[in-house]
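Engineer: I am attaching a structure below and will ask some questions about it afterwards.
Coordinate-derived values only; no laboratory data. Since the structure is predicted, the reported quantities are computational estimates derived from the model, not experimental observations. Neighbour counts are summed over all protein chains in view; Cβ atoms, including those assigned to glycine, are modelled from backbone coordinates with ideal geometry.
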Amino acid sequence: EKNSLIKESIIPSYLLKDKDLADILTYFIKILSENIEEGIKQEGGINYFLTVIKEKIYDKSEMHKKGKIMSDEILSKMLADLVVRKSTLKIIDPACGDGNLLIAAYDKLKRFNPKDSHNDVLNRIYGIEIDPNLSQLSSFRLLAKDLNSVNQKTHAQIINNDLFGVCDSK
C-alpha cells in the first residue's frame, strides 16, 4: 500500500528517499501551514502567499551578504517580454532563485498560445538553483500557476545544483 501511495505522489521520488531533501520539504510545508491564515487574508493570490513564505524563510539582508539577490518581479516581466519571442522557445534560468523570471516566462509563453496545457508550458521551462529551499519554492510556484491541471505527469524542471557542477558533469 505504501508503494502505491508513492507512485501517486506529485512529490519527486528523490525527495522521499533523500533525508536532507525530505527535511527541507517538511520545513517548507511547516512554514506554509504556519502562514496560511495571513496568505488567505490577502487578495494577492498564491504568489503573494509564496512571497510571505519566502520572507519567513529568508532574511533579505542576510541573503544579500551571501550574494543571493532575487530577480525583481517587474524586472522579470520586462526581461521575459524582451526575450520570449515565440511559443516554442525553451527557457533556462541558471540561477533561478525563487523563480520570478521563470514565472514571467511561463506567463509570456502562455500568452503566445493560451491553448497550451500547463504541462506543455512547464516542459519548456528549466531552472538551476543551488539553494534547496529556493529550488523547491520555484518548483512549487511553477506548479501553482495552474493547480487544477496538476496531474501525475506534471513536474517543474528545476535542478537543485550548482550551475558549475551541472556544467562540469556534462
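Engineer: Pull up all non-local amide H partners of residue 125: gap of 5 or more, or a different chain, and H-to-H distance under 5 Å with H placed in the peptide plane.
Structural biologist: Amide H to amide H, under 5 Å and 5 or more residues apart or across chains, residue 125 pairs with 91.
Engineer: Rank-order 155-161, 79-85 by packing density, defined as the average count of other C-beta atoms within 10 Å over each peptide's residues, highest first.
Structural biologist: Values: 155-161: 18.6, 79-85: 14.7.
Answer by packing, highest mean first, reads 155-161, 79-85.
Engineer: Also, quick follow-up: Using modelled backbone amide H atoms (1.01 Å from N, in-plane), which distant-in-sequence or interchain residues come within less than 5 Å of residue 98's amide H?
Structural biologist: So residue 98 has HN proximity to 71.
Engineer: Please get the size of the charge dipole for the range 82-160, origin at its Cα centre, with Cβ charges of +1 on Lys and Arg and -1 on Asp and Glu, quoted in debye to the nearest 20. Please list the in-between numbers first.
Structural biologist: On the way: 11 positive and 8 negative charges, 92 e Å.
With Lys and Arg at +1 and Asp and Glu at -1, about 440 debye.
Engineer: From the Cα gyration tensor of the range 83-170, with a ≥ b ≥ c the square roots of its eigenvalues, which class applies: rounded if a/c is under 1.5, or else prolate if a/b is larger than b/c, or else oblate?
Structural biologist: On the way: a/c = 1.98, a/b = 1.46, b/c = 1.35.
Prolate shape, in that a/c is at least 1.5 and a/b is the bigger ratio.
Engineer: Going down the table (19/153; 19/108; 17/86; 19/110; 17/77), which pairs top 31 Å between alpha carbons? All intermediate terms of the calculation are to be shown ahead of the outcome.
Structural biologist: Values: 19/153 24 Å; 19/108 36 Å; 17/86 38 Å; 19/110 36 Å; 17/77 36 Å.
Exceeds cut-off: 19/108; 17/86; 19/110; 17/77.
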